[in-house]
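All remarks here apply to the structure that follows.
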Amino acid sequence: MNNTTMQAAQQQSYGLDTEVVRCPIPTVGEHEVLVKVAAAGVDRGTWHLMTGLPYMTRLVTGLFKPRKKTPGRDLAGTVEQIGSQVTDFAVGDEVLGIGSGAFAEYAVARERKLVAKPTNLDMEQAAALATSGLTAWQALHTHGKVRPGQRVLILGASGGVGTFAVQIARAAGAEVTGVCSASKAELVSSLGAQHVLDYRKDHIDGTFDLIIDCGGHSPIARLRSLTQPGGTVVLVGSEERGSVIGVGRQIRAAMLSPFVNQRLVMMIATEKREDLEALVGLVRSGDVVPAVGRTFPLEAVSDALGHLADGHAMGKVVVRVSETAEMQAHEGQEAQA
Ligand SMILES: NC(=O)c1ccc[n+]([C@@H]2O[C@H](COP(=O)([O-])OP(=O)(O)OC[C@H]3O[C@@H](n4cnc5c(N)ncnc54)[C@H](OP(=O)(O)O)[C@@H]3O)[C@@H](O)[C@H]2O)c1
């Protein structure tokens, strides 16, 4: 690599404003990998880190302004350089996973946060996988203990986490009902949901063995009324703007759980490599395909995050970092659609 500088989207203060600037390429530690980023995924966690909201976040990210200027975590690209102790990857390998400063031409990731990119995904799909896919996987398997034949309800089935949850639940042999807005019913159905309900007009009938709640901010009592005795509700999240802590409903549910006949689970997704490998296994077999919705160029990181924050993104939002021929073709198709 002859260059020592790169283009990166940077923020100077909390919020969504970013500017693309030229800055030094980051250096790798001994267990780290430098990735030439092709595409970067956008997720709610990145929004929280960029805005410093809820305020608790700032205890970690910096009290008055973000310590890290280049945001972005999910990425897909090609290994450019490896640290002295890296054994799993070599220069030129195509990878996906979670790094630091992904809204840039080059980003550093720990070796154990990356996996080989399956050949049946393009770079945009690969960039969309890690955080939301892991969240859905852990909601269903780690916390929900999903089993074949169970009736699973997914609230927010058209969003970043929900589109993965529908596919993972189907792959586990569950009967899936997805709840979303009418305009996204076709997408949710195409992902494998046997029943699709419009949250603005349809009544949700019956009770479920497992509810994965990723949208709509339903009251806990409502979620319980839809759950079988002995069933489980996994509260992945829904937005509580302006809150200091941001997970009040989840905490209340977890506190109530020991006293009721359903399991109410508050979850925080972890970046566990074995889970990412298991998810990639489902991608390789064709059971899971990331549902990429809108894509944005690096100059429009703020717009990408704003689109997600509006709360009605279709599937995953992705930032195209280095424009490959594949991406230009995709952009052309989007423009025609
Ligand atoms: N616990 C964790 O570790 C963890 C990890 C990741 C994410 N999260 C949280 O999980 C939530 C979902 O994340 P995401 O990335 O999937 O967000 P997202 O992409 O914005 O998806 C949210 C979805 O909710 C749907 N929705 C809105 N109102 C609804 C309603 N009344 N009933 C049912 N669905 C409704 C929207 O669908 P329409 O567009 O069709 O209206 C949207 O597609 C967020 O709050 C996020 O912060 C938590």
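The values are calculated or read from the model by the stated rules, or taken from the named source; none is laboratory data. As the structure is a prediction and not an experimental result, all values here were calculated from the model. We work out accessible area using only protein heavy atoms, side chains counted, and drop any ligands, DNA or RNA first. Shrake-Rupley method; radii C 1.70, N 1.55, O 1.52, S 1.80 Å.
So what is the relative contact order for the chain, in percent, with contacts set as C-alpha pairs under 8 Å and at least six apart? The partial results should precede the final answer.
Values: 796 pairs, mean separation 65.3, N = 337.
Rounded, it is 19 percent for the chain.
Using a Debye calculation, one point per C-alpha and no hydration shell, please list log10 I(q)/I(0) for the range 1-137 at q = 0.09, 0.14 Å⁻¹ in order.
For the range 1-137 at q = 0.09, 0.14 Å⁻¹, log10 I(q)/I(0) is -0.25, -0.62.
For the chain, what does the accessible surface come to per residue with a 1.4 Å probe? Please give it in Å².
44 Å²
Near K145, which aspartates and glutamates are there with a Cα under 12 Å away, not counting those fewer than 8 places off in the same chain?
Within the straight-line limit of under 12 Å, K145 reaches these aspartates and glutamates: D209.
Around V20, which amide H atoms from residues at least 5 apart in sequence, or from another chain, sit under 5 Å from its own amide H, with H modelled in the peptide plane?
When sequence neighbours closer than 5 places are left aside, the close amide H contacts are Q10.
Provide the three semi-axes, in whole Å and in decreasing order, of the ellipsoid equivalent to the range 135-201 as defined by the square roots of 5 times the Cα gyration tensor eigenvalues.
The three semi-axes for the range 135-201 are 19, 11, 9 Å.
Pull out a ≥ b ≥ c, the square roots of the eigenvalues of the alpha-carbon gyration tensor of the range 160-296, then state rounded if a/c is under 1.5, prolate if not and a/b is larger than b/c, and oblate in the remaining case. It would help to have the intermediate numbers written out before the result.
Numbers: a/c = 1.44, a/b = 1.29, b/c = 1.11.
Rounded is the answer for the range 160-296, as its axis ratio a/c remains below 1.5.
For Y106, which sequence-distant residues (separation of 5 or more, or a different chain) have an amide H within less than 5 Å of its own amide H, given hydrogens modelled in the peptide plane?
It is V37, by chain and number.
Report the equivalent ellipsoid semi-axes for the chain in whole Å, largest first, defined as the square roots of five times the eigenvalues of the gyration tensor built from alpha carbon atoms.
Ellipsoid half-lengths, sorted descending, are 33, 21, 19 Å.
Lysines within cross-link reach of K36: Cα-Cα under 29 Å, excluding same-chain residues under 8 positions apart?
K65, K68, K69, K113, K117, K272, K316
If I stretch the segment between H203 and R112 completely, what's the gain in nm (0.36 nm per residue apart, minus their alpha carbon distance), one decimal?
On the way: separation 91, 0.36 × 91 = 32.76 nm, distance 4.40 nm.
Gain on stretching H203 to R112: 28.4 nm.
Contact order normalised by length for the range 112-198, with contacts defined as Cα pairs under 8 Å and 6 or more residues apart; what percent is it?
Numbers: 128 pairs, mean separation 20.5, N = 87.
Relative contact order for the range 112-198 comes out at 24 percent.
Among DSSP beta bridges whose residues both lie in the chain, state the antiparallel percentage, nearest 5.
55 percent
Quote the convex hull volume per residue of the range 77-139, based on C-alpha atoms, as a whole number of Å³.
Roughly 96 Å³ of hull volume per residue.
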